[in-house]
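Engineer: This is the structure I have questions about; it appears just below.
The values are calculated or read from the model by the stated rules, or taken from the named source; none is laboratory data. The structure displayed is predicted, hence computed values, not measured ones. Neighbour counts run over all protein chains shown; Cβ positions are idealised from the backbone, glycine included. In case anyone asks, the SASA skips ligands and DNA or RNA and just uses the protein heavy atoms, side chains included. Shrake-Rupley method; radii C 1.70, N 1.55, O 1.52, S 1.80 Å.
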There are 2 protein chains.
Amino acid sequence: MHKPITLAMAVVALGYLYPAAAQQKTATAQLETRFDQQLSSANVGATIKTLSAKPHHLGSAEGKVVANTILEKFKSYGWDARIETYQVLFPTPKTRVLELTAPTKYKALLKEPALPEDATSGQEGQLPTYNAWGGDGNVTAELVYVNYGLPEDYERLERLGVSVKGKIAIARYGRSWRGIKPKVAAEHGAIGCIIYSDPKEDGYYEGEVYPKGAFKSEYGVQRGSVMDMVIYPGDPLTPGEGATASAKRLERSLAATILKIPVLPISYHDAQPLLAALEGPVAPEDWRGALPITYHTGPGKATVHLQVESNWNMVPAYDVVATMKGAEYPDEWIVRGNHHDAWVNGAGDPISGLASLLEEAKSIGGLVKAGYKPKRTLVYCAWDGEEPGLIGSTEWVEDHAAELQKKAVAYINTDGNGRGFLGAGGSHALTKLMDGVARDVTDPQTKVSVYERRRAANIVMAAPAARKNVMEKKTLSLGALGSGSDYSPFFQHLGIPSLNLGFGGEDDGGEYHSIYDSYDDYTRFKDPDFSYGVALAQVAGHAVLRLADAEVLPFDFTDLYKTISGYVKELTDQADQLRESTLIENKMIKDRTYQLAADPTKPFTAPVAKAEVPFLDFSALQNALVTLDRASSALSDTLSHTTVPAGTRQRVNEALFQAEQSLLVAQGLPKRPWFKHTIYAPGFYTGYGVKTLPGIREAIEQRNWKEAQEQIQVVAGAMNKFSAKLDEITAMAK
Amino acid sequence: MHKPITLAMAVVALGYLYPAAAQQKTATAQLETRFDQQLSSANVGATIKTLSAKPHHLGSAEGKVVANTILEKFKSYGWDARIETYQVLFPTPKTRVLELTAPTKYKALLKEPALPEDATSGQEGQLPTYNAWGGDGNVTAELVYVNYGLPEDYERLERLGVSVKGKIAIARYGRSWRGIKPKVAAEHGAIGCIIYSDPKEDGYYEGEVYPKGAFKSEYGVQRGSVMDMVIYPGDPLTPGEGATASAKRLERSLAATILKIPVLPISYHDAQPLLAALEGPVAPEDWRGALPITYHTGPGKATVHLQVESNWNMVPAYDVVATMKGAEYPDEWIVRGNHHDAWVNGAGDPISGLASLLEEAKSIGGLVKAGYKPKRTLVYCAWDGEEPGLIGSTEWVEDHAAELQKKAVAYINTDGNGRGFLGAGGSHALTKLMDGVARDVTDPQTKVSVYERRRAANIVMAAPAARKNVMEKKTLSLGALGSGSDYSPFFQHLGIPSLNLGFGGEDDGGEYHSIYDSYDDYTRFKDPDFSYGVALAQVAGHAVLRLADAEVLPFDFTDLYKTISGYVKELTDQADQLRESTLIENKMIKDRTYQLAADPTKPFTAPVAKAEVPFLDFSALQNALVTLDRASSALSDTLSHTTVPAGTRQRVNEALFQAEQSLLVAQGLPKRPWFKHTIYAPGFYTGYGVKTLPGIREAIEQRNWKEAQEQIQVVAGAMNKFSAKLDEITAMAK
């Protein structure tokens, strides 16, 4: 499978990291070839078909069947496997009513129809369309369209003289994680929230709709969690603690991550009569979707009745955990995970990623049967309850926190997978590892490496002005991780080096979290020959094997330094721009520029002047960067040019994989102590979207200068602690 | 009406230009106050109602009635008025058929319905929906969607593997002048062209539709000319010559501005079934409109039958010309114009602008009756046949070319008008004149000056990064003129300093060139109290009076220098960027980057490498700029600091207003000798959109390096001739 040229390139990359292990390269390549030979696209397809055969959400009987099937697979592959069970809260729908009560009547369908073209779409056991973790409620009020429902959308509404106070907000899916929308709506006084899929982002605007094409039909609905996961993910009743049977639990009413207002997701078929009934200002240009109506913000005569009640049941979450013990360093774990629970059948999300994980486990099992002994212990996991809020992974991580912080070398996550380009995000000290891996895996369609194909896409997608820079970049870019899958507890709570991997970009569609995320859909539109399922198994599997067998673990913190350095530059630029734009904006307000430019016949409220942006003292951070530059370079030089003595190798490796924990702070981020990483977090107002250097960045965005200044000191402190750790390793490795 | 503060500011601006005429400022202000006092919004409204009472297109009986009504008005105001008649070709519809013949049948309505809410919408005498100057033809072929129908859209189609050769193109209105669309379609081998109004640009996407709101309903159709006016406007049979009865005429088949393929405009009601039937690739994101369908490029099963035939009749064009003889300089003319013909009733276009012109004439007539004597001759014109191709104005200008080049100080044009912000474009040497005028006219809604209101809008509309620059700008910005109204022959053919003026931005709607451009529509959505009709009369009227009575004409060529200097910077940047982007693009092609990034399951044709962009020798232009800087500054200094001797004043003034003619070149622009101005022209592929330094800019855009180099010399030559002229004036004025 290997192309000589890409292998040669990988050798160069690896050589930089493993000077003392030149012989190992050939062994690695040979092992990976044998690993690849046992991967079967047909088997990936069969696994997807089996595990997506029935609806299998958290707490369902079929969920338990799926967990047991996975357990048996691991065992059959020669792994030591078990199920770890947690007792968690999980709301399912009891009552769902949505109706337009004025100026005309419309009763929402709240139902996706079964289709003859989709064999599983009419099965029993499907969760109805709903958003888990909305509050119970029965409200009737005027409706207001809030665009994506982000804080800036409410600023815009204020300028238009529109308030959601005491009203029901209708937001469209997109731009943010869905849970942000009802949270921000409630912050602004809304008493209910509807989230709909607009055909602009998710429907006919994008392409032909299902079942003719892949995109969302007028009846498709995106289910999903609206738990306030940016506070903490996992079981809302047991923050920071594994939800074992004996765990101490909060009263439900005290759980900060459960919303207070009712929330319901709807199709664009159900949304259109509601939106068409709105009055008030015409929605700003960038608020308009693709429905054949004039979008208004409301309010007006459109009155809506929304009633949502849930069964707030305790259910078991079944995490399947399989281990293959390491021969040399059994207490160094490479953890690999993908969830198994789905909103409905979940052929794409999560089964396509899980099928790759199981294929890796099968192949590794085969290697082991043939005599291969991984140096380190492999821990392969299939999580339950990811969909409602990363529940299975979070509870397991919280339950095993101390052991993981001691033993986990890295956590490698996948989730849904499809045809297209490699997406890789994670700890930037693993950049060179993933660069080498990506150069060694062949893209099934073009036969160049997945690195080269990703690079081509990056160049083509770049803005013309940025293209030259993108072309000149010579290594894989790892994205920064926000949230949205099971890496969060490992990475942002415990500081375990993490990766999130998957292919996509040519697997567009509208099936996400609907009854149409089925095997029929997957094989028509996602990865028809499962070749990207194999490619993902190669990428994740090779990363696992390289980590498992490295003499010296392939961490290079100079890449992390460069990345953080870029973030600091962004922050100083952002503060400067905010200062400049605030001055200009305040002058415009003082000069009445907005009033003079506004149409006097339309409602308009001028914005209010904001406090000027002070110059922040970034020096602690800038000095910490200088220290990190020196420390990371010294360590990288040392590991490149000297052979770590065998006697200290284990201590060096342990220090290498534990180093990232120095970037945590015990008190966590402002307002959300569970998130302890100073470099990466999901945005408080974006959700999935990452905020890097989050303590500082969000304080600046929220114009909280005191907190920004404090957080600069906090982050600089963590970085200095981290640099000191690197210095220790350098000294140790010599 | 004057606010002291804005008057004070104007005095400063005027003081700069008229050092020797400080006393005149008070006289000017007093005269303008008396002028303003005679303007009546009620009368503007009454004029609009009268002149838009019936459909009155070129060649219609009602058109003649309208011309006579205008003639009588001028006479009643005390002007010397006459009608000058030309004999011109004008096609009107004989046959119009459009039907989808496969895969389903649909026969297009091609008809706008009468509405009870619009009193004139059901009148007889309406021209049917059509595009004048398309070829006669009867074709049946597959359909291809070409977006806006611009050259870059065809490049995109080629990348998608789609050709229009032998097919019928369907383009949406927008981005370019409509005549560009069938012209470019024909260049690419299309045998017919349909132009439709997409609700994205012109319909419910923008706001509520007529008659509930102002925007285009599903049945509205935009009529309009598709004459290839960027070659030459006016009667196609008499290029460069007035279409008098005895003029030499071309054979119709030899007229370069008449298209060869049939063209038809349609509503979005008629377009939807056609577009929905298209197959082939999904249209690129920026090609998609607001219809509730998936936009495809075609082709596929969608087959269309298009038949268009015209009556190619000769008709009389009635230009109404009114003069008020100058007391001191009768052979120096201030020409003011607005057309009177409409596609249908034309309350907005053109009658709203014409009503302001007539109001000015009425007021000036009143002033004259009360003893005012303009120093220079005023020539007020109402043009016929503007809609089909600037016919009345062009023929009159061509007929009187020599006299106009000798006598015309300036041409001030208006066309439709509405509520909102002042838009002013034209000869940049008149920047300070218009800055002063705009500071002295009060915005009816906000009571600040129309300058201040325009400035506020510019600031608010600016991209955040550009705001600071816009805020720091201390004078009115004149736009550069492309085409689309009657200034073209004066300005771009003869080099007569020109201005185009109008208010708008709060008068949105979809009535343009439809039967709904009516008095009912105008009074609901455009300028309900006609106060902007009065404001336009003030702006245009004050400009006329200031030009008419100036001791030394208010031309300041330093503003023109600054403007041209900016254009040269744009061109050198453009050449550099094109060089850089061509290098990058060619490398991407060589590296197969596009192929690797493309979805292998979709049709894709990689772009072809382009010749590298050579370094052009801009030195002649840069040196000419230095000369112009010096010459314009010297003249400006001289006129500011010395009093022109009375004996040479007339020669100086004549030289000042004739100076811009030095920027013409006898051979005209490449491929279009009628357009002789080296600084401003309508774009060969944009139509209305201006191209500044057009000879050079379009050669660069079309990658014709030899022509670009030649044109640099041509433009530099014209600029040097112009600078020499300014030096002569400086010498004369001392």
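Engineer: Every residue in the range B:178-201 that is in a helix (DSSP H, G or I), open to solvent by less than 10 Å² (accessible area, probe 1.4 Å) and over 22 Å from residue B:514 (Cα atoms), please.
Structural biologist: B:184, B:185
Engineer: Looking only at residues in the range A:439-458 that are in a helix (DSSP H, G or I) and out of contact with any Phe, Trp or Tyr (no Cβ under 9 Å at 6 or more places or on another chain), which one is nearest to residue A:36 (Cα to Cα)?
Structural biologist: A:451
Engineer: In the range B:260-280, what residues are in a loop (DSSP other than H, G, I, E, B) and either buried (at least 22 other Cβ atoms within 10 Å of the Cβ) or assigned by TED's automatic domain parsing to the domain that holds residue B:602 (or both)?
Structural biologist: Passing the criteria: B:261, B:262, B:267, B:278.
Engineer: Return the residue satisfying two criteria in turn: it lies in the range A:589-605 and is in contact (Cβ under 8 Å) with a residue 60 or more places away in the chain and either exposed (fewer than 15 other Cβ atoms within 10 Å of the Cβ) or over 25 Å from residue B:532 (Cα atoms) (or both), and of such residues it is nearest to the chain's Cα centre (by Cα).
Structural biologist: A:605
Engineer: Restricting to the range B:300-328, give me the number of residues that are open to solvent by 40 Å² or more (accessible area, probe 1.4 Å) and either closer than 30 Å to residue B:166 by Cβ or within 14 Å of chain A (Cβ to nearest Cβ) (or both).
Structural biologist: Counting residues in the range B:300-328 that are open to solvent by 40 Å² or more (accessible area, probe 1.4 Å) and either closer than 30 Å to residue B:166 by Cβ or within 14 Å of chain A (Cβ to nearest Cβ) (or both) gives 4.
Engineer: What's the total number of residues in the range A:64-86 that are surrounded by 22 or more Cβ atoms within 10 Å (Cβ to Cβ) and β-branched (Val, Ile, Thr)?
Structural biologist: Number of matching residues: 2.
Engineer: What number goes with the only condition from (1) farther than 16 Å from residue A:356 by Cβ; (2) buried (at least 24 other Cβ atoms within 10 Å of the Cβ); (3) of a type in the set (Asp, Glu) that residue A:527 does not pass?
Structural biologist: Of (1) farther than 16 Å from residue A:356 by Cβ; (2) buried (at least 24 other Cβ atoms within 10 Å of the Cβ); (3) of a type in the set (Asp, Glu), only one is false for residue A:527: (1).
Engineer: Which residues, counting only those in the range B:289-299, are within 10 Å of another protein chain (Cβ to nearest Cβ), in a loop (DSSP other than H, G, I, E, B), open to solvent by 10 Å² or more (accessible area, probe 1.4 Å) and in contact (Cβ under 8 Å) with a residue 40 or more places away in the chain?
Structural biologist: Within the range B:289-299, no residue meets the criteria.
Engineer: Still on this structure: With respect to residue A:414, is the statement that it is closer than 24 Å to residue A:507 by Cα, surrounded by 24 or more Cβ atoms within 10 Å (Cβ to Cβ) and within 18 Å of the chain's Cα centre (by Cα) true?
Structural biologist: In short, yes.
Engineer: Moving on. State whether the residues of the range B:418-435 include one that is open to solvent by less than 20 Å² (accessible area, probe 1.4 Å), within 14 Å of another protein chain (Cβ to nearest Cβ) and either free of Cβ contacts under 8 Å to residues at least 40 places away in the same chain or in a strand (DSSP E or B) (or both).
Structural biologist: For the range B:418-435, residues open to solvent by less than 20 Å² (accessible area, probe 1.4 Å), within 14 Å of another protein chain (Cβ to nearest Cβ) and either free of Cβ contacts under 8 Å to residues at least 40 places away in the same chain or in a strand (DSSP E or B) (or both): present.
Engineer: Does the range B:568-588 include one or more residues that are within 14 Å of chain A (Cβ to nearest Cβ) and buried (at least 20 other Cβ atoms within 10 Å of the Cβ)?
Structural biologist: Yes, because at least one residue in the range B:568-588 is within 14 Å of chain A (Cβ to nearest Cβ) and buried (at least 20 other Cβ atoms within 10 Å of the Cβ).
Engineer: In the range A:531-553, what residues are within 14 Å of residue A:506 (Cα to Cα) and open to solvent by less than 20 Å² (accessible area, probe 1.4 Å)?
Structural biologist: Answer for the range A:531-553, where residues must be within 14 Å of residue A:506 (Cα to Cα) and open to solvent by less than 20 Å² (accessible area, probe 1.4 Å): A:532, A:533.
Engineer: A further question follows. Looking at the range A:349-371 only, could you name the residues that are open to solvent by 10 Å² or more (accessible area, probe 1.4 Å) and in a helix (DSSP H, G or I)?
Structural biologist: Those that are open to solvent by 10 Å² or more (accessible area, probe 1.4 Å) and in a helix (DSSP H, G or I): A:349, A:362, A:366, A:368, A:369.
Residues checked against (1) in contact (Cβ under 8 Å) with a residue 60 or more places away in the chain; (2) assigned to a strand (DSSP E or B); (3) within 30 Å of residue B:368 (Cα to Cα):
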site	(1), (2), (3)
B:69	no, no, yes
B:93	yes, yes, no
B:100	yes, yes, no
B:123	yes, no, no
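Engineer: While we're looking at this one, here's another question. Mind listing just one residue for me: the one in the range A:448-463 that is open to solvent by 30 Å² or more (accessible area, probe 1.4 Å) and in contact (Cβ under 8 Å) with a residue 24 or more places away in the chain and, of those, nearest to the other protein chains (Cβ to nearest Cβ)?
Structural biologist: Out of the qualifying residues, it is A:452.
Engineer: A follow-up question, please. Go through the range B:145-173 and give me each residue that's over 20 Å from residue B:684 (Cβ atoms) and assigned to a loop (DSSP other than H, G, I, E, B).
Structural biologist: Within the range B:145-173, B:160, B:161, B:162, B:163, B:165, B:166, B:167 meet the criteria.
Engineer: If you don't mind, there's one more thing I want to ask. Tell me the residue from A:503, A:490 that is under 30 Å from residue B:294 (Cβ atoms), more than 12 Å from chain B (Cβ to nearest Cβ), in contact with a helix residue (DSSP H, G or I) (Cβ under 8 Å, 6 or more places away or on another chain) and not in a loop (DSSP other than H, G, I, E, B), please.
Structural biologist: A:503
Engineer: Please find, among A:88, A:65, A:44, the residue that is in contact with a helix residue (DSSP H, G or I) (Cβ under 6 Å, 6 or more places away or on another chain) and either in a helix (DSSP H, G or I) or without any contact (Cβ under 8 Å) to a residue 40 or more places away in the chain (or both).
Structural biologist: After ruling out the rest, the residue left standing is A:44.
Engineer: So for the range A:372-385 (the condition being out of contact with any strand residue (DSSP E or B) (no Cβ under 8 Å at 6 or more places or on another chain) and either surrounded by fewer than 24 Cβ atoms within 10 Å (Cβ to Cβ) or hydroxyl-bearing (Ser, Thr, Tyr) (or both)), does at least one residue qualify?
Structural biologist: Yes, that holds for at least one residue.
Engineer: Let me ask something additional. Would you check which residues across the range B:466-507 are open to solvent by 10 Å² or more (accessible area, probe 1.4 Å) and among the small types (Gly, Ala, Ser) and list them?
Structural biologist: Those that are open to solvent by 10 Å² or more (accessible area, probe 1.4 Å) and among the small types (Gly, Ala, Ser): B:466, B:477, B:479, B:480, B:483, B:484, B:502, B:504, B:505.
Engineer: From the list B:636, B:640, B:662, B:619, pick out the single residue that is exposed (fewer than 14 other Cβ atoms within 10 Å of the Cβ) and either over 31 Å from the mean Cα position of the chain (by Cα) or at negative phi (or both).
Structural biologist: Going through B:636, B:640, B:662, B:619 in turn, the sole match is B:619.
Engineer: Still on this structure, I have one more. Could you please find all residues in the range A:98-126 being of a type in the set (Val, Ile, Thr) and surrounded by 15 or more Cβ atoms within 10 Å (Cβ to Cβ)?
Structural biologist: A:120 - this is the single residue of the range A:98-126 that is of a type in the set (Val, Ile, Thr) and surrounded by 15 or more Cβ atoms within 10 Å (Cβ to Cβ).
Engineer: What single numbered condition from (1) assigned by TED's automatic domain parsing to the domain that holds residue A:163; (2) at pLDDT 95 or above; (3) open to solvent by less than 20 Å² (accessible area, probe 1.4 Å) fails to hold for residue A:285?
Structural biologist: The failed condition is (3).
Engineer: Just checking, which of A:346, A:353, A:337 is within 25 Å of residue A:82 (Cα to Cα), in contact with a Cys (Cβ under 7 Å, 6 or more places away or on another chain) and either within 14 Å of chain B (Cβ to nearest Cβ) or not polar (S, T, N, Q) (or both)?
Structural biologist: Every option except A:337 fails the conditions.
Engineer: Can you find a residue in the range A:217-225 that is within 14 Å of chain B (Cβ to nearest Cβ) and not β-branched (Val, Ile, Thr)?
Structural biologist: Looking for residues that are within 14 Å of chain B (Cβ to nearest Cβ) and not β-branched (Val, Ile, Thr), one finds at least one in the range A:217-225, hence yes.
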